[in-house]
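The values are calculated or read from the model by the stated rules, or taken from the named source; none is laboratory data. It should be emphasised that the depicted structure is a prediction, and the values quoted were computed from it without experimental measurement. No Cβ is skipped: glycine too gets one built from the backbone with ideal geometry, and neighbour counts run over all protein chains shown.
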Amino acid sequence: MKHLLKLSDLSREEILSILNLADQLKFERNNGIQKDYLKGKKLGLIFQKASTRTRVSFEVGMYELGGYPLFLSSNDLQIGRGEPVQDTARVLSRYLDGIMIRTFAQKEVEDLAKYGSIPIINGLTDYAHPCQVLADLMTIREYKGSFKGLKMAFVGDGNNMANSLMVGAIKMGMSFAIACPNGYEPDAELMKWAKENGDLTITTNVKEALKDADVVYTDVWASMGQEGEKQKRELAFASYQVNKENLSVSKQDVMIMHCLPAHRGEEITADVFEEHANEIFDEAENRLHAQKAVLIKLLK
C-alpha cells in the first residue's frame with residue numbers, strides 16, 4: 001500500500017488491516033494512551049473543495065500521532081493559478097512526507113501519485129471517497145460484529161459515495177443494492193466489477209433495494225459542485241428518501257448511515273435521522289480513527 005487513491009486499489013486483507021489498526025487507535029484514544037507514531041512527519045492538506053469532517057479529522061489525527069498537518073487551500077497554492085499538477089507534486093514531495101487532497105477530478109489525485117515521490121491520500125473526488133468508506137466499514141463492524149451475510153442498501157445518487165460503498169461492501173462480502181433514478185447510476189465499470197465479484201442489485205424501486213437490508217445508507221441529492229442542478233435533482237429524487245414507510249421492509253434492527261452533511265426532509269426524514277443519530281455520529285467520529293490508521297500505514 002503506497003497510496004490511498006480509491007478503495008478498489010486495496011485488497012480485502014489491506015482493508016481489514018486498516019480497520020483493525022483503527023480499532024486499536026480508537027481504544028488508545030478513549031483510554032488516554034498517547035503514542036507519537038508519526039513524530040516529526042509532515043502532511044500537506046490540499047483543499048480544492050471545502051470540508052468540515054475531512055479537514056478537522058486529518059488535522060487532529062496528525063496532531064494526535066505526533067506529526068504536523070499543513071493546511072493548503074487552492075488559494076494558497078500555485079495549483080489554483082494554473083501550475084501543472086506534476087510540478088506541484090514534485091515540489092511538495094521535497095518538503096512533505098505525505099499529501100491528502102480533496103478535489104474534483106480523480107485524475108488530479110492519480111497524477112499527484114504518478115509524479116510525486118510521497119504517499120497520496122484521496123480525501124474526496126467526484127469519483128471516490130475511500131476515507132469515508134473505511135470509517136463506514138469500521139462503524140458497521142462495531143454495530144454488527146462482522147460483515148458476513150449483511151445486505152447494504154444505498155438510496156439516492158450514484159455518486160462518489162455510491163461508487164466507493166459498492167466496492168467496499170463487495171470486497172468485505174456484503175451484498176449491495178442501490179435505488180436511484182434512471183441516469184443517476186454509479187460508475188459503469190465499477191458496476192461491472194461488482195456484478196462479477198459479488199451480489200449487486202441496481203433498481204429504481206426504493207423498497208426493492210431496502211427489502212431485508214441490514215444497513216441503509218443515503219447522501220445528499222446534490223453534491224458539492226452540483227448546486228446548479230438542485231431543482232432538477234429535487235424533482236428526480238423526490239421519492240428517493242429514507243423514511244419510516246420505505247424502511248418498513250428493512251430488517252427490524254436496521255442500521256442507518258449518512259456521510260453528512262444531512263439535508264433533513266430531503267434524502268432523510270428528521271425523525272429517522274434522530275432515531276439513528278448514534279450510528280451516524282459514531283460513523284463521523286470514526287473518520288478520525290480510520291484516517292489515523294491510514295496515515296500510520298502510509299507514513300510510518
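Within segment 160-176, residues that are at positive phi reach partners that are small (Gly, Ala, Ser) and modelled with pLDDT of 95 or more with beta carbons closer than 9 Å, at six or more positions or on different chains, in the pairs Gly173/Ser146; Gly173/Gly149; Gly173/Gly198. Set side by side, the residues Val249, Val242, Val254, Val216 differ, and just one is at pLDDT 95 or above, surrounded by fewer than 17 Cβ atoms within 10 Å (Cβ to Cβ), over 26 Å from Ile99 (Cα atoms) and among the β-branched types (Val, Ile, Thr), which is Val249. Taking the criterion of being under 18 Å from the mean Cα position of the chain (by Cα) and aliphatic (A, V, I, L, M), the residues of segment 208-226 that qualify are Val215, Val216, Val220, Ala222, Met224. Considering segment 251-276 alone, what residues qualify as being farther than 17 Å from Lys230 by Cβ and either within 18 Å of the chain's Cα centre (by Cα) or of a type in the set (S, T, N, Q) (or both)? Of everything in segment 251-276, those that are farther than 17 Å from Lys230 by Cβ and either within 18 Å of the chain's Cα centre (by Cα) or of a type in the set (S, T, N, Q) (or both) turn out to be Gln252, Met255, Ile256, Met257, His258, Cys259, Leu260, Thr269. In the condition set (1) more than 14 Å from the chain's Cα centre (by Cα); (2) modelled with pLDDT under 95, Ile296 is compliant with all but (2). Residues in segment 268-300 that are in a helix (DSSP H, G or I) and farther than 30 Å from Gln241 by Cα: Lys292, Ala293, Val294, Leu295, Ile296, Lys297, Leu298, Leu299.
Phe147: touching a residue at least 40 places away in the same chain (Cβ under 8 Å) and of a type outside the set (Lys, Arg), yes or no? Here the answer is no, as Phe147 does not meet what is asked.
Of the residues that make up segment 219-231, is at least one more than 21 Å from Gln106 (Cβ to Cβ) and touching a helix residue (DSSP H, G or I) at 6+ places or on another chain (Cβ under 9 Å)? Yes; the residues of segment 219-231 include at least one that is more than 21 Å from Gln106 (Cβ to Cβ) and touching a helix residue (DSSP H, G or I) at 6+ places or on another chain (Cβ under 9 Å).
Can you pull out the residues in segment 29-69 that are surrounded by 15 or more Cβ atoms within 10 Å (Cβ to Cβ), free of Cβ contacts under 8 Å to residues at least 40 places away in the same chain and touching a helix residue (DSSP H, G or I) at 6+ places or on another chain (Cβ under 9 Å)? Listed by number, the residues that qualify are Tyr68, Pro69.
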